[in-house]
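Take a look at the structure below.
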């Protein structure tokens, strides 16, 4: 059996060598065709070599096709990698653009408030720290004593009161929020018919909603009332928006009640704040004269402009 196999293998080898030799001859023949004349250029030779010519042409066509396909795959791979990198870069640029837009909007709102609150000297600051265990109590801002910041300076946003500076370092400061139960802010109900005074403190039962305490049971306080700083105590200037009354409940003992507030400042989104470095009395509002009845107009001294109207 082994001998038969060896014979078969030897025959295959011989035929393979013959095929390779003929193929090489054909390739050389067609490569040199036209460069010199050969006696083997008759019709019989051409007919005999035709199958080999077709085989070589077919092989060349297939090799070219495979080579082109491989090149296209390689080109597509590198183009795909380039497109992936461009997509990543564009996403990063979009994220930066969105961040710049949000920051620009916040700073524009702070600037608008600064232009209207002319009774305050305000310094902008960024929130750079917030501890997890004091999330509703303390924030850290990037302004300190080197910027003129001092202890007990009020901190706010364009929406309302945030808190007060409690610790100062050269380049940073800690701010105690009005959500902290240790914080106390003298306040007033804004409504002219009410003007009830109280103290706003942090709420242990609901950390995101401070409470206004020391309100008499029969005081004129209702849901929806706006709460401002009263200016009592000399730390917080008068007129800073604190929040809105959302509910009332008994404070115990039956004589007092407390108002639960929705704070004006958004403590979940504190990024930029303002520190009041100096405060003055707000300028009085411009008064306009009431509309006078025709025929009874008076001048600034109270004299009738129309003599007959005064007769």
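The values are calculated or read from the model by the stated rules, or taken from the named source; none is laboratory data. Computed from a predicted structure; not experimentally measured. Ideal geometry is used to build each Cβ from the backbone, glycine not excepted, and the neighbour counts take in all protein chains shown.
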Candidate set: segment 110-119, residues that are out of contact with any strand residue (DSSP E or B) (no Cβ under 9 Å at 6 or more places or on another chain) and assigned to a helix (DSSP H, G or I); chosen: the one modelled with the lowest pLDDT: 115
Taking only segment 251-267 into account, find how many residues are outside any strand (DSSP E or B) and touching a residue at least 12 places away in the same chain (Cβ under 8 Å). 7
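Residue under question is residue 193, and the condition is that it be outside any strand (DSSP E or B) and in contact with a helix residue (DSSP H, G or I) (Cβ under 6 Å, 6 or more places away or on another chain); does it hold? Give the steps one after another, and end with the answer.
Working: outside any strand (DSSP E or B): yes; in contact with a helix residue (DSSP H, G or I) (Cβ under 6 Å, 6 or more places away or on another chain): no.
So residue 193 fails the test.
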Would you mind stating whether residue 212 is in contact with a helix residue (DSSP H, G or I) (Cβ under 9 Å, 6 or more places away or on another chain) and buried (at least 18 other Cβ atoms within 10 Å of the Cβ)? no
From the options 196, 155, 140, 185, residue that is in contact with a strand residue (DSSP E or B) (Cβ under 7 Å, 6 or more places away or on another chain) and in contact (Cβ under 8 Å) with a residue 60 or more places away in the chain: 155
Odd one out for residue 224 among (1) free of Cβ contacts under 8 Å to residues at least 24 places away in the same chain; (2) surrounded by 15 or more Cβ atoms within 10 Å (Cβ to Cβ): (2)
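Is it the case that segment 202-216 has a residue that's free of Cβ contacts under 8 Å to residues at least 40 places away in the same chain and either within 30 Å of residue 151 (Cβ to Cβ) or in contact with a strand residue (DSSP E or B) (Cβ under 8 Å, 6 or more places away or on another chain) (or both)?
Yes, that holds for at least one residue.
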